[in-house]
């Protein structure tokens with residue numbers, strides 16, 4: 001049921017995202033995205049991530065009604081604080097309009113977390129999807145009656161948030177039999193005290209998630225924010241498998257069970273490369289068609305740069321989960337703090353110079369830096385560089401839309417550096433050495449066809465075949481995890497990557 005709720009929410013989110021990007025002009029979509037980024041960051045910080053504490057305590061059998069009342073009291077106080085801040089800083093009118101929907105969602109959060117703690121996953125699907133479902137229906141109505149505007153979209157958002165609050169209240173009170181019980185100040189202080197160790201992480205993660213949007217809105221135009229936000233939203237949908245698998249991995253490692261860790265790594269590796277690379281290949285024609293030419297070609301570079309960080313995000317999740325399960329929160333905080341400082345400092349330099357492309361490059365660099373912070377003491381760098389050559393080949397050579405000289409440079413680098421290393425190290429093994437020239441041959445064919453027509457079906461077909469063959473080479477890449485399974489067709493032992 002939890003997986004169903006995640007998938008349903010993502011599907012509805014994609015539909016909302018496409019409707020807004022197609023029927024709002026770039027300036028309107030950029031203003032809406034910037035306002036939501038500011039308010040999302042603010043509400044995330046003000047929540048103090050009490051939802052995790054509430055879920056834990058409810059699941060542990062503590063008084064759910066008392067926890068519901070305390071969390072609801074906290075969200076109402078956070079709403080008052082945010083409204084005061086908007087008044088003091090004389091916020092833009094759009095922030096005032098959007099603040100009501102975001103604060104209603106914040107005050108609906110206690111109901112959702114209590115339902116989660118009670119493991120009532122059927123009702124969680126209802127509570128978690130009602131807002132997006134109403135948004136979808138409302139936006140479709142606006143499109144049918146041709147009254148799509150920034151103001152009408154904000155009204156739909158507010159109504160959908162109000163309905164989530166109402167449905168959440170109804171489920172908790174009338175279906176689960178709980179009630180809002182105002183606990184004591186001592187209990188509230190205990191709840192806040194339990195959340196204090198993760199306050200720093202809350203601030204850093206909230207800043208990492210949307211600081212580039214906010215700075216882009218300050219230093220650039222609404223249209224630039226729209227292009228970046230569109231690419232970033234599409235990029236956020238690529239790690240959907242991570243949303244499903246990450247809780248399962250956390251549960252296993254928290255119990256001290258690492259028997260399926262290699263299986264998780266293998267799935268993460270496949271999902272972390274296939275989905276973003278398919279998105280890179282399909283981005284320009286598909287998004288151009290879906291948005292009536294507003295997006296696609298103009299923001300392809302932004303999406304390609306962001307997509308390069310997705311494989312690192314999958315493996316960051318593995319290392320983060322290992323550290324969290326071992327209660328090494330200090331190390332997590334230090335790595336996240338360094339990454340956040342890098343992203344903020346990089347955005348302050350790159351956004352005024354290169355706009356959205358600069359922000360995307362800084363974000364990808366931040367993810368690589370965070371990945372390096374987790375693994376620099378855990379791996380031998382020389383073998384690891386040998387193992388990721390095929391992944392670099394995927395990203396550097398197979399992008400059919402990049403410039404010719406970039407592809408030529410990528411081919412030369414791979415031939416001179418990685419080809420020589422692979423031949424000398426024997427990591428591939430003699431049986432699978434033909435995969436490397438086969439991948440290179442398909443890359444060159446793809447390069448030649450993309451010179452003739454970057455959007456031709458032949459170029460796309462060659463690119464797709466190249467990705468599949470490169471992925472197969474990675475799966476057959478010996479030594480990556482040291483695990484062997486018996487091949488049913490040959491009876492010989494072959495190595496699979498983790």
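Taken together, the values in this text are just the output of simple stated rules run on the coordinates, not laboratory data. Predicted model only: the values in this text are computed from it and were never measured. We place every Cβ from the backbone using ideal geometry, glycine too, and count neighbours over all the protein chains shown.
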Gap in Å between the Cα centre of the stretch 180-237 and the Cα centre of the stretch 97-173?
-> 19
For 63, 299, what ranking results if the residue with the fewest other Cβ atoms within 10 Å of its Cβ goes first?
-> 63, 299
Likely footprinting exposure, 218, 302, 134, fewest C-beta neighbours within 10 Å first = 218, 134, 302
Just report the Cα centroid separation between the stretch 41-88 and the stretch 315-339, whole Å.
-> 24
Output the peptides 138-148, 9-19 sorted from most to least packed, where packing is the average of other Cβ atoms within 10 Å over each peptide's residues.
-> 9-19, 138-148
Highest mean packing first, using Cβ neighbours within 10 angstrom, the peptides 23-33, 77-87, 119-129 sort as 23-33, 119-129, 77-87
For a paramagnetic label modelled at 7 Å from the Cα of residue 166 toward its Cβ, which residues of the stretch 120-140 fall within the zone defined by backbone nitrogen distances under 18 Å?
-> 126-139
Ordered by packing density, taken as the mean number of other Cβ atoms within 10 Å over each peptide's residues, highest first, how do 38-44, 303-309 rank?
-> 303-309, 38-44
